Amino acid sequence: MPRILALTGSPSLHSRTAVVAEHALSRLAHAGFDTAHLAVRDLPAADLLAARTGQPELRRALEAVAEADGVVIATPVYKASYTGLLKAFLDLLPQDGLDGKTVLPLATGGSLAHVLTLDYALRPVLSALGARHVTAGRFVLDSSVERGAGPDRLRPEAELDLYQAVDEFADAVRAGATAVTTAG
């Protein structure tokens, strides 16, 4: 069963980005994938900033990336780019840290003015880390994430758009796993 890891780069405890990532993971789990979520904000800050990759929590986080067949990278947009928190973690990955992996980039933000963050800020970094395939990402407006008394949810049109991206990602992960199995 292919493994999917979602990395979320929001520093917020009540993150809309995490809600979007959880919706993606739920869809993938229903499709038969083994899923896990790593919120970078939960890693020890001092170790993360000092790049102490030998520390147990950072080592486990890096191993989770290495063991994943597909990675969902989700970030809020701050100052027209992905978060510094996510950047700090991505900087810890080896140069080929995403080698052979399929990656789905997701971003959340308050304005459609930030939609190009996916292609002009995040995609080049993911490619530089050796991702086999970076699928078409999705930008979700903060206003499309509904939070309240019940469970957090996405507005129907945002959920449908996200699920289309997730389904394309799932197909790409399966194709990659098949290619590796056939070659091996």
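A few comments on the model shown:
- FRET efficiency, residue 153 to residue 42 (Cβ-Cβ, R0 22 Å, nearest 0.05): 0.45
- Mean sequence separation of contacting Cα pairs (under 8 Å, at least six apart), scaled by the length of the range 58-180, corresponds to a relative contact order of 26 percent.
- Full-extension gain in nm, residue 51 to residue 88, via 0.36 nm per residue minus C-alpha separation: 12.5 nm
- Per-pair calculated FRET efficiency, R0 = 45 Å: residue 111 and residue 1 via Cβ, rounded to 0.05: 0.70
- Taken one residue at a time, the phi angles of the range 118-123 give Karplus couplings (6.51, -1.76, 1.60, θ = phi - 60°) of 4, 8, 9, 10, 8, 4 Hz. Gly and Pro are set to x.
- Once C-alpha pairs closer than 8 Å and six or more residues apart are averaged by separation and normalised to the residue number of the range 41-106, the relative contact order reads 39 percent.
- Here the spin labels are modelled as points 7 Å beyond Cα on the Cα-Cβ line, and at residue 127 and residue 66 they lie 2.7 nm apart.
- Rounded to 5, percent antiparallel among DSSP beta bridges of the chain: 15 percent
- Percent accessible area from carbon and sulfur atoms, the chain, protein chains only, probe 1.4 Å: 53 percent
- Computed lengthening from residue 164 to residue 26, 0.36 nm per intervening residue step minus Cα-Cα distance: 48.3 nm
The values are calculated or read from the model by the stated rules, or taken from the named source; none is laboratory data. Just so we're clear, the structure is a prediction, and the values are computed from it rather than from any experiment. With ideal geometry, Cβ positions are generated from the backbone for all residues, glycine too; neighbour counts draw on all protein chains shown. Only protein heavy atoms, including side chains, enter the accessible area calculation; ligands, DNA and RNA are left aside. Shrake-Rupley method; radii C 1.70, N 1.55, O 1.52, S 1.80 Å.
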